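Q: So that we are looking at the same thing, I have put the structure below in structure tokens.
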């Protein structure tokens, strides 16, 4: 009984320990669009922004907190062009610049830095230096500016085969362009958020359909006044 109590207590401590939350809410699982607001404790930090999700909307991912999932709601899989829904730690910032001044760990996107999306690789869902024997991966230094600056989302951190890899918050290809499964915004917006994030404040991404609003308020009562989580009349 004592052990169970301590486990539950530890879980509660994790839930409420985050001082920085990026909240993303979409109307449903199908839409490739969503709204985003950043919070520090209960305070909104920046103006609300419009972001682009995966081409096929959202699907339940593998995150830190088990949220209620209905049997007819989609699960996140490799190549489904859906962004993961759930609660996820934000672990790193990455980009094309060598010198930075962020309060998060930083990954320099050199020409040899890759993220492995090969499900049966021992490096699946990891960002590593290219070894030469990888069958399927993406370069973190691209020919366009989409990865000029981005944030690593700790989705599927245990690398369950086929459940999705290389999930980031990155720059929009264009105003209307959806993604292969990430969340995308304008460069100026991601610059502002990246400068704000602080590893010491346990930053997380909460990315959900509107239908999960009440559950998120119950788990994170500091968000109860968020306009994104208010039920429609």
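Q: Can you find, within the stretch 64-80, the residue that is surrounded by the most Cβ atoms within 10 Å (Cβ to Cβ) among those that are closer than 18 Å to residue 211 by Cα and in contact with a strand residue (DSSP E or B) (Cβ under 8 Å, 6 or more places away or on another chain)? Outline the logic, then answer.
A: Let us first name the residues in the stretch 64-80 that are closer than 18 Å to residue 211 by Cα, namely 65-76.
Applying the additional criterion that residues be in contact with a strand residue (DSSP E or B) (Cβ under 8 Å, 6 or more places away or on another chain) yields 65, 67, 69, 73-76.
Values: 65: 16, 67: 16, 69: 14, 73: 15, 74: 16, 75: 15, 76: 24.
This residue is 76.
Q: If you don't mind, another one. Can you name every residue in the stretch 50-85 that is on the phi > 0 side of the Ramachandran plot and in a loop (DSSP other than H, G, I, E, B)?
A: Passing the criteria: 79, 81.
Q: Here are 119, 83: which of them is surrounded by 15 or more Cβ atoms within 10 Å (Cβ to Cβ), closer than 21 Å to residue 180 by Cα and out of contact with any strand residue (DSSP E or B) (no Cβ under 7 Å at 6 or more places or on another chain)?
A: 119
Every residue, every condition in (1) part of a loop (DSSP other than H, G, I, E, B); (2) at pLDDT below 95, yes or no:
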{"position": "13", "(1), (2)": "no, yes"}
{"position": "29", "(1), (2)": "yes, no"}
{"position": "87", "(1), (2)": "no, no"}
{"position": "98", "(1), (2)": "yes, yes"}
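Q: Could I ask something else about it? Which one of 41, 28, 80 is in contact with a helix residue (DSSP H, G or I) (Cβ under 9 Å, 6 or more places away or on another chain) and more than 24 Å from residue 105 (Cβ to Cβ)?
A: After applying the criteria, what remains is 28.
Q: On to the next question. Mind telling me which of the residues 173, 143, 157 ends up being in a loop (DSSP other than H, G, I, E, B) and exposed (fewer than 14 other Cβ atoms within 10 Å of the Cβ)? Give the derivation first.
A: Values: 173 fails: exposed (fewer than 14 other Cβ atoms within 10 Å of the Cβ); 157 fails: exposed (fewer than 14 other Cβ atoms within 10 Å of the Cβ).
Testing whether each residue is in a loop (DSSP other than H, G, I, E, B) and exposed (fewer than 14 other Cβ atoms within 10 Å of the Cβ) leaves just 143.
Q: Still on this structure, I have one more. Has the stretch 214-224 got at least one residue that is crowded, with 18+ Cβ neighbours inside 10 Å and within 22 Å of residue 138 (Cβ to Cβ)?
A: No; the residues of the stretch 214-224 include none that is crowded, with 18+ Cβ neighbours inside 10 Å and within 22 Å of residue 138 (Cβ to Cβ).
Q: Sort out which residues of the stretch 160-170 are under 19 Å from residue 24 (Cβ atoms), free of Cβ contacts under 8 Å to residues at least 60 places away in the same chain and assigned to a loop (DSSP other than H, G, I, E, B), and write them in order of number.
A: Scanning the stretch 160-170 gives a single hit, 166.
The values are calculated or read from the model by the stated rules, or taken from the named source; none is laboratory data. The shown structure was predicted, so the numbers you read here are calculated from the model rather than taken from an experiment. As a convention, Cβ positions derive from the backbone with ideal geometry for all residues, glycine included, and neighbour counts pool all protein chains shown.
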